[in-house]
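The values are calculated or read from the model by the stated rules, or taken from the named source; none is laboratory data. What you are looking at is a predicted structure, and each value in this text was computed from that prediction instead of being measured. Here the Cβ positions follow ideal geometry from the backbone for every residue, glycine too, while neighbour counts run over all protein chains shown.
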Amino acid sequence: MLVRIGIPFLQPLRMITSASLNAAAYEALKARIVRGDLRPGAPLSERALCDALAVSRTPLREALKRLANEGLVEISETRRARVARVSVDEVVNLLAVMAVLEGLSGEQACEKASEADLVALTQLQADMESAYARADHAAYFALNQQIHLSILRMADNGPLAEYFHNLNARLRHVRERLTPTPERWRQAVDEHAQMLALLRRRDGKRLRTLMEAHLRSKTDAYVAAMLNDGLVSLGRAA
């Protein structure tokens with residue numbers, strides 16, 4: 001475990017074919033960035049990462065380039081890499097785009113969801129409300145994510161899913177740090193119940209509007225959480 005250089009929890013990638021090394025290095029690094037194990041601004045030493053993952057520089061550099069294309073890593077002109085930082089403006093813009101994607105997924109899910117999909121979503125909603133009732137924030141967050149991903153899957157739109165997952169990865173680490181007020185938490189639970197009702201009625205237009213508003217209403221909370229945790233700067237990302 002390479003705590004001394006700020007790269008914890010990396011396990012060597014042994015017994016992996018050369019064809020899959022790039023993908024394996026990419027997935028290993030991405031998971032730790034998304035979880036917040038590697039904080040924004042943290043340097044990513046090629047030598048340390050190669051040693052930690054037991055890979056050569058070639059697959060590591062390909063992984064870093066891919067993560068840079070997704071906005072999770074920054075690579076300087078001297079090829080030094082670090083976990084990407086974001087500014088408040090960028091966070092607000094990311095949330096604005098995510099809101100549109102969420103709304104579109106809801107509208108298209110209304111057209112394509114099967115009865116089995118709705119039954120499964122109803123159970124997830126019940127489980128999430130149970131987590132809310134016992135104030136289990138971790139379980140609530142996990143179920144909340146399952147609900148949104150289920151709606152995305154029902155939309156059955158490949159390009160939409162690709163954009164959604166890329167942006168969601170850039171925001172997930174702060175989502176897990178959000179601590180909603182009791183009033184906002186209750187409102188979120190109620191809004192999810194409304195989403196399910198609209199989905200059952202196949203009311204795509206209203207569901208799109210609700211899902212967009214649902215995410216936009218969290219913008220201030222996202223920014224506050226990231227500022228409090230030192231994850232963003234007030235100006236442009238440095």
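Would you tally the residues in the range 20-39 being part of a helix (DSSP H, G or I), more than 13 Å from Arg66 (Cβ to Cβ) and in contact (Cβ under 8 Å) with a residue 12 or more places away in the chain?
Within the range 20-39, residues that are part of a helix (DSSP H, G or I), more than 13 Å from Arg66 (Cβ to Cβ) and in contact (Cβ under 8 Å) with a residue 12 or more places away in the chain number 3.
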Review point. Can you find a residue in the range 207-215 that is assigned to a helix (DSSP H, G or I), touching a Cys at 6+ places or on another chain (Cβ under 7 Å) and at pLDDT 90 or above?
Key: yes
Check your understanding: What single numbered condition from (1) out of contact with any Ser or Thr (no Cβ under 7 Å at 6 or more places or on another chain); (2) within 26 Å of Tyr222 (Cα to Cα); (3) surrounded by fewer than 20 Cβ atoms within 10 Å (Cβ to Cβ) fails to hold for Leu101?
Key -> (3)
Check your understanding: Inside the range 86-111, can you point out the residues that are outside any helix (DSSP H, G or I) and of a type in the set (Ser, Thr, Tyr)?
Key -> Ser87
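Of the residues in the range 59-85, how many are in a helix (DSSP H, G or I) and in contact with a strand residue (DSSP E or B) (Cβ under 8 Å, 6 or more places away or on another chain)?
Here is the first cut: in the range 59-85, the ones in a helix (DSSP H, G or I) are 59-69.
Remaining after also requiring in contact with a strand residue (DSSP E or B) (Cβ under 8 Å, 6 or more places away or on another chain): 64-65, 67-68.
Summing the residues that are in a helix (DSSP H, G or I) and in contact with a strand residue (DSSP E or B) (Cβ under 8 Å, 6 or more places away or on another chain) in the range 59-85 gives 4.
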**Study point:** Yes/no for Leu178 being outside the structural domain of Lys30 (by TED's automatic domain parsing), touching a helix residue (DSSP H, G or I) at 6+ places or on another chain (Cβ under 8 Å), closer than 22 Å to Ser217 by Cβ and modelled with pLDDT of 95 or more
**Key:** no
Review point. Inside the range 112-132, can you point out the residues that are touching a residue at least 40 places away in the same chain (Cβ under 8 Å) and assigned to a helix (DSSP H, G or I)?
Key: Lys112, Leu118, Leu121, Thr122, Gln125, Met128, Glu129, Tyr132
Check your understanding: Can you find even one residue in the range 183-197 that is more than 17 Å from His214 (Cα to Cα) and in contact (Cβ under 8 Å) with a residue 24 or more places away in the chain?
Key -> no
Check your understanding: Any idea how many residues of the range 105-134 are in contact with a Phe, Trp or Tyr (Cβ under 9 Å, 6 or more places away or on another chain) and of a type in the set (A, V, I, L, M, F, W, C)?
Key -> 2
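Scan the range 46-89 for residues that are small (Gly, Ala, Ser), more than 22 Å from Glu162 (Cβ to Cβ) and crowded, with 17+ Cβ neighbours inside 10 Å and jot them down.
Ala52, Ala81
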Practice item. Read through the list (1) more than 14 Å from Ser105 (Cβ to Cβ); (2) out of contact with any helix residue (DSSP H, G or I) (no Cβ under 9 Å at 6 or more places or on another chain), then give the number of the only condition that Phe141 fails. Key: (2)
Exercise for review: Inspect the range 14-25 for any residue being more than 30 Å from Glu90 (Cβ to Cβ) and either in contact with a helix residue (DSSP H, G or I) (Cβ under 7 Å, 6 or more places away or on another chain) or at pLDDT 80 or above (or both) and give the result as yes or no.
Suggested key: yes
